[in-house]
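Nothing in this text is a laboratory measurement; each read-out follows from the coordinates by a stated rule. Predicted model only: the values in this text are computed from it and were never measured. No Cβ is skipped: glycine too gets one built from the backbone with ideal geometry, and neighbour counts run over all protein chains shown.
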Amino acid sequence: MSDRLPGAAGVGRALHAEWTKLRTLPSTGWLLLAAVGFTILVGYAAAATLRLGECEPPQCYEDITKISLVGVRLGQTAIVIVAVLAVTAEYSTKMIKVTLAAVPRRMTVLVSKLGVVTAAAMLAGAAGVLGALLTARVALPGNGFTAANGYPPLSLGDHLTLRAAGGSVLYLGLIGVLGVGVGLLVRDTAGAVTAVLMLLYGSPMLALLISDLRWQHRIHRYSPMDAGLSIQTTRDFAAAHIGPWAGLGVLAAYAGAAVVAGAIALKFRDG
């Protein structure tokens, strides 16, 4: 037991140090607020402008849960910047040398950064997702999306809505993990942010330029953003490129690969 206590205490101190560094970055609070705000505002705009038109039940259904959560696609950009800055801010100021001198176990530093960034991303994500669902619940009935027309009010009591909401929060947590991994690998804020955003948004844009439907399907299926956000699907599963949890697994694989590469860079490159 005594052998474990110093290790646990060391991890606790490292977590506290990483939280202090992230909290005291001037941009962190604003970026997390932006992640919440973008998720809510874009989701509300999508829900408020949606109209129950000619395509009505039982012929087809709008996935109002997925539409209400579309703001996650924009809100994630702020999470990416927070995650990258949690790493690159130390390299730009050379403070990483102080960190590694204080915590010689580099994997402890990595785990602490991942823990703090993931927690911050998921807390902001939870606030944004809940806000988006709440505002959409208010806006949708006025546009014809009522229980009488086959659209019950959005509620976390519905297991599909709960999965979409919880999965969106997990998605943003994984985006934070991806940002930390790429930040450790690239060590430059602009370069790392650009790399992550290109990875997220580049493949869907590439799919738009390809006419072959099979290749479009493959790109969407293995794109970290499109695959990961399949967790938001609550209707018309047959049209999805990949299953909800399998899609989140694809994003987890990207994030895991980035962390492994970043861990290798942290271990074998000087701070």
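Miscellaneous remarks
- Cβ-placed point charges (K, R +1; D, E -1), dipole of the chain about Cα centre in debye, nearest 20: 960
- Distance distribution note for the chain: the fraction of Cα pairs above 34 angstrom is 25%.
- Positive-pole candidate from Gly173, Thr24, Tyr61, dipole of the chain, charges at beta carbon: Thr24
- Value of Rg to Rh for segment 82-209 (Rh from inverse mean 1/r over Cα pairs, i.e. Kirkwood): 1.14
- Debye intensity ratio in log₁₀ form over the Cα atoms of segment 201-259, taken at each q of 0.18, 0.27 Å⁻¹: -0.59, -1.08
- Across the chain, C-alpha contacts under 8 Å between residues 6 or more apart give a mean separation that, scaled by the residue count, equals a relative contact order of 23 percent.
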